[in-house]
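The values are calculated or read from the model by the stated rules, or taken from the named source; none is laboratory data. These numbers come from a predicted model, not from an experiment. We place every Cβ from the backbone using ideal geometry, glycine too, and count neighbours over all the protein chains shown.
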Amino acid sequence: MNKQPNQENRSLQETPCFICGSQNFIWGRTVGESSSQWVYFRADGAAWGEGEKLRARKCIDCKNIQLFTYD
Ligand SMILES: [Zn+2]
């Protein structure tokens, strides 16, 4: 597990876009066809149900999307 303080995680997630350097982002989450669906990260060897919900950051300028787990 990630033991970094929440504050540090937050500041890391505010770093500029790695593709174009922009700081214009839209935050959201990843969904399937149904708006109630989530996309999860599940580590190798983890049991079903141990996944972490993913949030997404879209760069407005280059359209790149990065995924993060919640704190
Ligand atoms: Zn970008």
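Condition check ((1) at pLDDT 95 or above; (2) within 16 Å of the ligand (Cβ to nearest atom); (3) loosely packed, with under 12 Cβ neighbours inside 10 Å) across all residues:
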| residue | (1), (2), (3) |
| --- | --- |
| GLU33 | no, no, yes |
| GLN37 | no, no, yes |
| ARG42 | no, no, no |
| GLY49 | no, no, yes |
| ARG55 | no, no, no |
| LYS58 | yes, yes, no |
| ASP61 | yes, yes, no |
| ASN64 | yes, yes, no |
| TYR70 | no, no, yes |
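Which pairs have Cβ atoms under 6 Å, sit 6 or more apart or on different chains, and link a residue in segment 46-71 that is closer than 14 Å to PHE18 by Cα to one that is small (Gly, Ala, Ser) and within 15 Å of the ligand (Cβ to nearest atom)?
CYS59/SER22; ASP61/SER22; ILE65/ALA56; LEU67/ALA56
Name every residue in segment 25-41 that is assigned to a loop (DSSP other than H, G, I, E, B) and closer than 15 Å to PHE68 by Cβ, in order of residue number.
THR30, TRP38, VAL39
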